[in-house]
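Okay, structure first, notes after.
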Amino acid sequence: MSLPVFAVVGHPNKGKSSIVATLAEDESVAISPVPGTTTDARRYTLSVDGEPHYVLVDTPGFQRPGELLKWLRSKTDKASERADAVAGFVAAHRDDPRFHDECELLTPLLEGAGILYVVDGAKPYGPEYELEMEILRWTGRPRMALINKIGDGDFEAEWRQALDQYFSIVRVFDALHADFEKRISLLRAFAELDEAWRPRLERAISALESERAHRRLRSAREIAACLKETIAFEEHASAGADVTPAALDALKARLEEKLRQRIRRRETQMFDRVQQIYRHETLSREETGQLIQDVDMFARENWEVFGLSRSQLAMTGAISGAAAGGGFDLAVGGTSLLLGTGIGALIGGAGAWFGSSELARLKTIAGSLGDKVVQLGPITSPNFPWVLLGRAWFHHSLVAERNHAYRDSLKLAIENEQNLMNSLPDSLHRELGRDFQRLTRGELADDAFAEFAGRIEKVLALQPVEILV
Amino acid sequence: MKTQREFFATAIDIRRWLEADTGTGEESRIRRDRLIGRELGAVDCSKAERVLAWWSILNKQKTGARPADACNQVSLEINATGPSSDGDRLASLVSIANGLLAVGGLVAGVVIATAAFAYQGNHPVNLFALFGILIGVPLVLLVMQLVLLGHRLPLPAAMGDALRVLSPALWAGSWLERRMPSGLFASVGHASLRGSYARWQLIVFSQSFAIGYFIGVLVLAGLLVVFTDLAFGWSTTLNLDPRWVWQGLSGLAMPWSFFLPAAVPDLALVEASRYFRLEGSELAASRAAELGRWWPFVLMTILVYGLLPRCLVAGVAGRQLRRAVRRLLEEGPEITALLDRLRSPAVDFDAGDPEAPVLQDRRAAEMPVLDIDERTAVIVWNNAVEAVQYPEFWSRRNLPVPARHDAAEWLDMEAMLTSIRTPRPGRVVILTKGWEPPLLSFLDFLTAVRNSIRSEASIAVVPLNATRTGVDSSDQVVWSRAIAQLPDPALYVAGATS
Ligand SMILES: Nc1nc2c(ncn2[C@@H]2O[C@H](COP(=O)(O)OP(=O)(O)O)[C@@H](O)[C@H]2O)c(=O)[nH]1
Ligand SMILES: [Mg+2]
């Protein structure tokens, strides 16, 4: 059975590399507004358990289509000899630097690749494209045109009329915003180019689909593990002989800062791993100043957006006994927060705020030799797990939906009556509340972990925010 | 077959290794583990066996040996763990803890029994007090421990703490956690431990201590019986009919009454053993011998109601511990993720080496403005301005409409050049589609134009936007850069703002 190979070809700067990056989920594909960024053909092989299922080839664009077509026409005027003429061109110019890009582009086609011809539907059609399309027709390979849209214009109708002359299949595919379903549907369309490719492509599709479902579960497990671990965090210090209230307060402040640092580190690790699951390793290294990672976990705004109000906490049963004494003034009635620009700009007294409830309680435990040891933790703040979950949820939705061709920062907005956690169904809310309580008491045993992660997965399946691009 | 201890040690090693492995990139973990997972194949084996098999293959890979192929086969011969691995050390520590607890229990048993059997010869040893101290208290502690480890009781914190202080098993747990932080006993201090390894290990620890304790008690009692004279009696302030006491004690002795009738007290003995402290201390020697007859009953009671329950609990807890150790390899985030990686196909896009990062510089420089005179030749490249729009293009800029030369990708180069050359232009303006990237064919054209006209004449390339009113600054940058590749000092990009 032959391996389906698709060469993504076209004019420079029309989003060929972007389409490859999106389909191959590869954030390392070089994409740039500067034409000629892709200099050599690059193969991206989708393999399942090491077995290749299909190959995408990113190519440089046509640079001298006029000369190329002239050369071809000078060789033959018989339709039956056209493919040979193309092969002849590549053979004659393989070492000619003037036709480097053309040779890179044509070689995979001569080797049997299907053609994905990319145009920009936001820009007007022009007769110069006919040269490229004519050359592609000469290769005799099965071909499909993809109308990508870079910008606001709409010349799709115009393009379709021209493309229909040369391509059996013409589809619109937005490289930057295509979601998973659109990508899968495009793969299905690939199969129409050559029936012999269908079985492999179908298998690739089902592998991608189960992988997709799997990623959410794996992310949920990462988040659940992070919650479980951070809540159990404890910091110890020796209080020595001096146990005046002032000394204890100072000690507590120090321990709390240590605790926060540890929580931040653990959270970052969780974010990284969720990104890895979605192959978005470098997301945080970009200039995405508005990403949730860059907003401090302990900044007040987080607790407003992700934390629960006192009445909500009471509903989940999270405030009970001693914790109720704390008193939460987290009511965020009717605010509509623009997160992103919102959070970044709003951060004021970062790090000093949990409402009037403390993060964890200070306990004195007996050390050896009469020395007093104080312990801060495990985390007892009933809002803490909600905030952590809210951030993780938010981050996950961002990462899971993010396209691999998209290299700029996303603008995210929360439009919510009260806060993010309000959008959870009541039953899920209550169940999670119970889980968090058990976590706080250290009662969530290993065997209950899977269920807990399952509930987190249900949260992740919901869309917390609208992603505005 | 692996012993419990080896199994435990391996489980700990695997868990620790997996924890450290979280630093490895997700994709390489998937690739690595899925490869092993496929080697294991669809062989039907339990989760724990699968994990063990994975571990053994992983270790063989590390040592370069050929990996084995089926999991039942490998699970028999896993000893890849080094001799002094963390797991081994923890397993040793657990054994040491068990031993120390047993010895501690023994000592405690001897000490407490010495006090409980204290008999100066003035009063007989009170059986009620004796059983209360030696059997009653440990029995209550046992029940409380079992309840506390399984459920969270709404006890005041202070009381919970007090109970914890009393539990040698919890001491052992926190000692282990301090000696080697494994996380296994981390939540011991503040939690009930339903279903977990720590719960059963702590119960086993308790039983080690208690079994030591009862052995200590029994040994001491035996020694006292053999080498000293003991007299037992019972005493109460209540107006108790000795018959009831006798019935109660016979009930206690029921389990062994069938095969050890000598260890069952008779009514006469019970009646004779009641004493009042006011009676005075002197007991007749004959009565002392009579009261000594209690000893088989005393020993049997300690054995059956003290030692035996502990042995039973130890047996059950041991079995549960075995299961819990197994679960160490079946549950928990890291193990679940591992099993997942072993099972699910690795989907991956491979592109070999990463491409070089793209440098971006999108600053647009100042541009001279489009201007023409009567000696300027205007070339429209690729139909950038359509014929119908051409006059309007100029009139909008308050310029006279110049003659139009068409040049394009699809036209013949020589013909184009000939038309431009006559008459020789003093200047050339080329209108292009700014939104289309400048191809090398366009640069070829520029070179040809330069070669065919007078060399000092300037050539202005004017990229336009779709409305032909100007050019987008990012497109301008692209065009300026492309044009700058040609070594032509009189060639530049001009703007066509209207
Ligand atoms: N807005 C938008 N920009 C796009 C889209 N596809 C590509 N681009 C941008 O267009 C430029 C060229 O894309 P690239 O993939 O490098 O084109 P190639 O030269 O054909 O490989 C890059 O700056 C991309 O970010 C799209 O669908 N929408
Ligand atoms: Mg490219």
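Quick note: the coordinates plus some simple rules give every number you see, no bench work behind them. Predicted model only: the values in this text are computed from it and were never measured. As a convention, Cβ positions derive from the backbone with ideal geometry for all residues, glycine included, and neighbour counts pool all protein chains shown.
A few points about this structure:
- q = 0.10, 0.12, 0.16, 0.19 Å⁻¹: log10 I(q)/I(0) that the Debye formula gives for segment B:345-493, counting C-alpha atoms only: -0.39, -0.53, -0.87, -1.21
- Rotationally averaged projected area of segment A:5-193 (alpha carbon convex hull; nm²): 10.8 nm²
- Alpha-carbon centroids, segment A:65-108 and segment B:419-478: separation in whole Å: 27 Å
- Using every pair of separate Cα atoms, the Kirkwood estimate puts the hydrodynamic radius of segment A:64-129 at 13.2 angstrom.
- In summary, the convex hull built on the alpha carbon positions of segment B:446-488 has an orientation-averaged projected area of 3.5 nm².
- Applying the Karplus relation 6.51 cos²θ - 1.76 cosθ + 1.60 with θ = phi - 60° to segment A:256-263 yields 3J(HN,Hα) values of 5, 5, 4, 4, 4, 4, 5, 5 Hz, where x marks Gly and Pro.
- Simple rule: put +1 on each Lys or Arg Cβ and -1 on each Asp or Glu Cβ in segment B:345-493, find the dipole, and look at B:Trp394, B:Ala484, B:Leu440; the Cα lying farthest toward the positive end is B:Trp394.
- Positive minus negative residues near B:Thr301 (Lys, Arg vs Asp, Glu; Cβ under 15 Å): +2
- Virtual spin-label span in nm between A:Arg171 and A:Gln463, 7 Å along Cα→Cβ: 2.1 nm
- Near B:Gly495: Cβ cut-off under 13 Å, other residues only, Lys/Arg at +1 and Asp/Glu at -1. The net charge is -2.
- Within the shell of other residues whose beta carbon sits under 11 angstrom from the beta carbon of A:Ala85, the net charge comes to +1, with Lys and Arg scored +1 and Asp and Glu -1.
- Across segment B:10-21, computed HN-Hα scalar couplings (Karplus, 6.51 cos²θ - 1.76 cosθ + 1.60, θ = phi - 60°) run 5, 4, 5, 4, 5, 5, 5, 4, 5, 4, 5, 6 Hz from first to last residue, x flagging Gly and Pro.
- Working from the Cα coordinates of segment A:118-242, the gyration tensor eigenvalues give, after taking √(5λ), semi-axes of 51, 21, 11 Å in decreasing order.
- If the chain linking B:Arg243 and B:Asp406 were pulled fully straight, counting 0.36 nm for each residue of separation and taking away their Cα-Cα distance, it would gain 45.7 nm.
- Amide proton proximity set for A:Gly114, modelled H, under 5 Å, gap of 5+: A:Val5, A:Phe6, A:Ala7
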